[in-house]
Amino acid sequence: MSVELDVFVGNTTIMDEEVYQLWLDGYTVNDAVKVRMEGGVMDECEASKDVLLSDTMDQYRTFQMCERLLHSPAKLANQLLFQIPPHRQIMLIERYYAFDDTFVREVLGKKLSKGTKKDLDDISAKTSVTLKSCRRQFDNFKRVFKVVEELKGPLVENIRQHFLLSDKLARDYAAIVFFANNRFETGKRKLQYLSFQDFAFCAGQLISNWTVGAVDNMVEDMDVDLDKEFLQELKELKILITDKDLLDQHKSLVCTALRGKTKVFIEMEGSFKNLSRGLINIAAKLTNTKDVRDFFIDLVEKFIEPCRSDRWSAADMKLYLTHYTNSAHILDTFKHQVVWDRYMGVVKSCIFKMYHD
Amino acid sequence: MPGKLKAKIVAGRHLPVMDRASDLTDAFVEVKFGNTTFKTDVCPKSLNPQWNSEWFKFEVDDEDLQDEPLQITVLDHDTYSANDAIGKVYIDIDPLLYSEAASVISGWFPIYDTIHGIRGEINVIVKVELFNDLNRFRQSSCGVKFFCTTCIPQCYRATLVHGFVEELVVNEDPEYQWIDRIRTPRASNEARQRLISLMSGELQRKIGLKVLEMGGNAVVGYLQCFDLEGESGLVVRAIGTACTLDKLSSGSAPNTNTHMHPNTAPASNACNSPSKDGKESPLAHGCRSTHNSPVHSVCSSQRLSQNFSVSVPTLIFTGMGSGGSAGKEAGPLRTLLRQQTQTALEQREFPFFTLTSFPPGFLLHVGGVVSARSVKLLDRIHNPALGNTRSYKLLDWNSVTADEPETRDAWWEEIRQEIKSHARALGCHAVVGYSESTSICEEVCILSASGTAAILNPRYMREGCLDIGCTDHRFEEPSPPNCGFCHIPYDELNMPFPAQLTYCYHCRRQKVPDVLFTTIDLPSEAAVAGKGCLIQARLCRLKKKAQGEANATAISNLLPFMEYELHTQLMNKLKLRSMNALFGLHIQISVGENMLLGLASATGVYLTALPAPGGIQIAGKTPGDLSSEHISSIQKRINDTIAVNKELYQINPPELAEEGVGSPIPEPRHRSRLFRSHSESSDELSELDLSHGKKDAFVLEIDDTDAVEDIHSLLIDAPPPTGFYSCNTENMPGISNWTSGVQMFTSVRVLRLSNANLTNQGLNKIFTDLCENLLKSFYFKLRSMIPCCLCHLNFTVAVPEEELIQVTVTAVAMTYDKEQTQEKTAEKPVNKGSLEAEEQLQFPLELCADSSSSNIQTASKISGVGESTNMSPRAASVDYGSFADRCSTWLELLRLKAHTIRRGSVKTSRRTQSLAHSVSSLERCSPLQEGRSRSLRSSRSFGGSSVTVVKMTPLSFLPGTRIIKYLGIINMFFIRETTSLREEGGVSGFLHSFIAEVFAMVRAHVAALGGNAVVSYSMKECVFMENPNKNQAQCLINVSGDAVICISETDQESSASTANTGQTGGSETDGAT
């Protein structure tokens, strides 16, 4: 005796959020039943294991049928097959596109290609996110990437409109797309201490200040590609380190401002020239795609690490960078104030975000 | 009355990719009606084509309009090879044929393919212009309204109930034609779908003609069924109750549906009856009597003799207690009444009514359940009229060659006569809650009919009697409404069966039986104690495999035993729950190759007019048979269960001073042994002093292990978990304060019996567990709706193959307010419901694309109230509305956030122009309250979702809402087949998506008619066949219901405008998208 067929279909599609999460997390039906049993759902309504199994199977089937629609969430609202209340649609979409920070950290900046997809089982083993869930997340990244690649207009807004995501999630996806497009290096050992949220913040900064879209908002790829003209202009900043007078002047202005305000003043004074050279060299090299990729590692190697070894506190860092940026405005012979601000604004906030253990 | 049918193909969306090379589709559409076909242009390389075609016009007879569906085929154009079909849409244009219903069908329809399921959607607009042409010999019956609802529909008033109408049509099943061997499965399925659609149309038209002949204008309780007789053909049959209905003007509408007393309703309304057709037509077919079988051909009796047929001796269900009582008070009045009513009914061949609930005062007395079954051997339909190739010319009733339908018709007539005579035996002149069904296995067919014998108020029956002035009050029984229907209709001195009679516990003037079984709903005015509950009796009987007559004989020999067993089980379970009446009793017996399945479902209730049920007494047959401890332990368990159930269903009948109502079990010496036999008890009857209505215990004898098993199975029925109630009727006895949560569902389970040598007992256990587990699953799945009630639980059993048992359930879960369950005042529930409705209104309305300005007005009016109403305990309800608030706040937050962010940065100003523009314009022009504008935004974030929310329910009403318009009957038949079963997720995956697709298509059709709900929905057929070895499966589903527009009970003033804009607005927005 065996149950050959067992279905339950409601006019309003019934979905249990807990089961949905288990499905998204890649649990098999049997594992999901186990988890649910441990969760104590059995006590409700005097359910037995069979009831739970039947319910889980039904829901898994429903989710599988919905998955096709979730790939283009706009369809979910005007499809006729499932009558799903709008708040549930939002939940379904939001959860489907949610991702594990540990997983995304592994693929951040990598090319969203078949090759990477093949490595997913390694990532799965490393992050203990199930392979099924890894695949879903990876495919989500890829899908979003593909769609917004061909769209004009602001990246975050495009993602939100096309995938009906919350603002937060849309921003995270924008970061992922931006990193994938520019292939920023994030996997080096030195960068391991940085979380996805750190990078997402930096990506947000770069998108809103350094991309083409920051100046012209109706071009293709405006938020994905860095503004080439701006990168060219960055070369002009070199004067700050090549012109001996300027460098000294800059240093003295900064030191005057800092004196007595920090415990590590001596160290700051000592490493000023090195640090300034580091930051400006990064700026000057950004015309090379290769160096763009190394942007974050350069920031860490050229700036964060030296400071850290000198035991600067976060507050010291802030103080230093604020004065470093502002003092450049007082230099009479330095003519590139606009570019300077555009560059330092981003670098400053990125370093603030990245300066932690 | 010919007419012009106009159709316009607007657009398609979500089409499948038909051209692998380009990943696109070159779609065009064929629009076909009758023999005329039009085509749209090809819309190249698009998955969302915009055809925006001209109006295709078909000039047709109204006869065709009634019979034929509009057939829309979407194809992919292919220059070199044949065009590939993407899928089809059949649109039944019947709803457009009566003036009051829908005026236009417009909206997105799922494009359906019998192999691939739904493949995208198509936007279509259909209109009909009817020319007034009074042809005396017309064959059409345009204008007759059809309702599946088995009560007088809301917003109508019945001025006259004419009675029973029935019809059947027969055809060869395309699946079994020789051509089927050479055509594709798709072609075969489509041929079948189309044929059944045609046959349904024809059937409806013919029933309509009969109604017109009777002078009616509507059919209520319309029940259409298919008999897939395989080789021998396809029968479509329908029964219903012809009525003359008056539409109530919307102003006076509230609560008029069933509460309306005929005396209060203005009789003058009858004159402005909208049924101009009805009034004119009686002459149209003057020669046809109401006699409903066609001209009998001479040879029919000979044919009959060829058919093997066994009529099963039928049981009459009523109380089966020990019985007998002195009938001192014979009713001369009643005899008079009976005579009078009889004259009214005598003209009718079958005084049957498919209705299950009636206006107060209509039902005078209820006798009990009458049923009849008969086993027939099917014979191949020989029909020269059906050539092999031109197969779809339908049989004409009166054609000389069509002798076969008469056989079928004679079969049914036989059964109906039997029912009629049973009713007579119960002293009743009418049968209410009448239904018919069949079960077919190979060549054997069981025909069943059942109903409730009753005496009706003659006032409704006779024409001219509606002038209230002339109502004879002499014949009015002075019986109070809340117990009158329980009073026995038969003569106490001459009882048709042994029953124990007592004086009515309410009025103390008339006799009542100790137990009452009926197939109808609990009358709204009936006095009950506590709550009702679903009671099921389940039974399996093995039988030997046999062929032909031997098989039929074996089955018919088994049937009486099955009926008896089911009846005993029902009675025991009823007593175990301390209840004394069953409503909505439905007994289904399904035949398979090697077994028979019986399932009886009913809603048990404690009627305060009837005596309290006795307990159940266990007795060993011989004293030394079983240890007395064993017996007493069982006895204790039973007594405990009864006590628990009393508490569970809150059965606390009003205490009666002179009787020990509380003590269920009489002294052992009074025990009468009447288990399993009526006659046995007769000797002992005289000893019992029944004049005081002393209740007798129901005695179970433990004479063998079977009996022990029976008792065990009696006790394993688990009560529903806390917070749940269940019933299979329209109304849940004891609960009336419904809140807005409604969840209709269908569940199918198929069990494979692997064990070859099963016993009856083993099978019974398996079958019982199957049903019980299904219920448990429902409770679990719907736990978020607690407190809630599963209403109209409709179980259907089948034996699709030798070792398979299939159970299909359709029901609706409805939330109610726990706090107020005790109060039963008429006012309270209504108020409560409306408050809920206000709260939930925001969403449903604005989700509908049709909601235009008028809606916004009503909503804004309401939102003030809605906001302040706090979210009552049913927070977790599945209903949209209750969540609307929460989700919109959530969205609001997001929006706000987004807004400020955008404002903060300079670059946004231009790029988000389009979006921001729409936001601001909306905000500016609608000075709405916060709640409203919020939800407006939430809907827009889904790209202005154009999908109307369509609620579905098997009941005739939706809680908290009022039906303001019936848009027509929905009757759809679908076939789905697959040759890649595994790839579609196995049988469960296949059926799951098919049922979801059927729901979607029903919703789409209702929305296109301008409706927002389906009431009286039922899935009448769900035939599932599989062949896992070949990776194939096929399923047939037939669903029906009434499409309606319903509005929240509170906005009555704005109702009319909403309805209107709902219609036109709907078409516009749909057209635009």
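Side notes on the structure shown:
- Computed over the stretch A:228-354, the P(r) tail beyond 27 angstrom holds 12 percent of alpha carbon pairs.
- Net charge of neighbours whose Cβ lies under 11 Å from the Cβ of B:LYS57, counting Lys and Arg as +1 and Asp and Glu as -1: +1
- Taking amide H as placed 1.01 Å from N in the peptide plane, the amide H of B:PHE109 sits under 5 Å from that of B:ILE122, B:ASN123, B:VAL124, each at least 5 places away or on another chain.
- Of A:LYS146/A:LYS348; B:LYS88/B:LYS127; A:LYS34/B:LYS951; A:LYS110/A:LYS353, pairs whose Cα-Cα distance is over 25 Å: A:LYS146/A:LYS348; A:LYS34/B:LYS951
- Each of B:HIS422, A:HIS323 was scored by other Cβ atoms within 10 Å of its Cβ. Arranged with the fewest first, they read A:HIS323, B:HIS422.
- Percent RCO, i.e. relative contact order, over chain A, from Cα pairs under 8 Å lying at least 6 residues apart: 15 percent
- Rg(Cα) / (2.2 N^0.38 Å) computed for the stretch A:102-247, rounded to two decimals: 1.18
- Length added when fully stretched, B:ARG637-B:GLU231, from 0.36 nm per residue minus Cα-Cα: 140.9 nm
- Within the listed set A:LYS111, A:LYS34, A:LYS142, the Gaussian network model of chain A (springs between alpha-carbon atoms below 10 Å) gives the highest mean-square fluctuation for A:LYS34.
- Over the Cα atoms of the stretch A:101-188, the radius of gyration divided by the Kirkwood radius equals 0.97; this is the Rg/Rh ratio.
- Close amide-amide hydrogen proximity is noted between B:ASN731 and B:LEU522, each under 5 Å apart and 5 or more residues distant or on a separate chain (H modeled in the peptide plane; Pro and chain starts excluded).
- Maximal additional length on extending the B:ALA187-B:THR722 stretch stands at 187.5 nm, based on 0.36 nm per residue less the C-alpha distance.
- GNM top mover of A:PRO73, A:PRO85, A:PRO154 - chain A, alpha-carbon springs below 10 Å: A:PRO85
- Comparing chain A with the 2.2 N^0.38 Å rule of thumb, its C-alpha radius of gyration ratio is 1.24 (two decimals).
- q = 0.15, 0.24, 0.34 Å⁻¹: log10 I(q)/I(0) that the Debye formula gives for the stretch A:164-203, counting C-alpha atoms only: -0.36, -0.80, -1.17
- Each of the peptides B:511-523, A:170-182, B:978-990, B:632-644 was scored by the mean count of other Cβ atoms within 10 Å over its residues; in descending order, highest first, they stand as B:511-523, A:170-182, B:978-990, B:632-644.
- Sequentially through the stretch B:38-45, phi angles give Karplus couplings (6.51, -1.76, 1.60; θ = phi - 60°) of 10, 10, 8, 6, 7, 9, x, 6 Hz, Gly and Pro residues having no value and appearing as x.
- Dimensions of the stretch A:17-85 from C-alpha coordinates, computed as largest minus smallest value along each principal axis and given longest first, are 37, 23, 15 Å.
- Shielding by partners - mean other protein chain Cβ count within 10 Å, residues of A:234-246: 0
- For the peptides B:412-419, B:1026-1033, residues were scored by their other Cβ atoms within 10 Å and the scores averaged per peptide; the highest-first order is B:412-419, B:1026-1033.
- Sorted by Cβ density within 10 Å, fewest first, the residues A:SER327, B:SER956: A:SER327, B:SER956
- Mean partner shielding of peptide A:181-194, defined as the number of other chain Cβ atoms within 10 Å of each residue Cβ, is 0.
- Shielding of peptide B:773-780 by partners, expressed as the average count of other chain Cβ atoms within 10 Å per residue Cβ, is 6.
- Footprinting exposure proxy for B:THR40, B:THR452, B:THR150, B:THR553 (fewest neighbouring C-beta atoms within 10 Å first): B:THR553, B:THR40, B:THR150, B:THR452
- Cα gyration tensor category, rounded, prolate or oblate, for the stretch A:58-119 with a/c compared to 1.5: prolate
- Cα-based shape type of the stretch A:20-156, given that a ≥ b ≥ c are square roots of the gyration tensor eigenvalues and the cut on a/c is 1.5: oblate
- Expressed as a fraction of 2.2 N^0.38 Å, the value expected for a compact globular protein of N residues, the C-alpha radius of gyration of the stretch B:1-135 is 1.11.
Throughout, read-outs are computed from the coordinates displayed, never taken from laboratory work. Keep in mind the model is a prediction, meaning the values are calculated, not measured. Quick reminder, even Gly has a Cβ in these numbers, built from the backbone with ideal geometry, and neighbours come from all protein chains shown.
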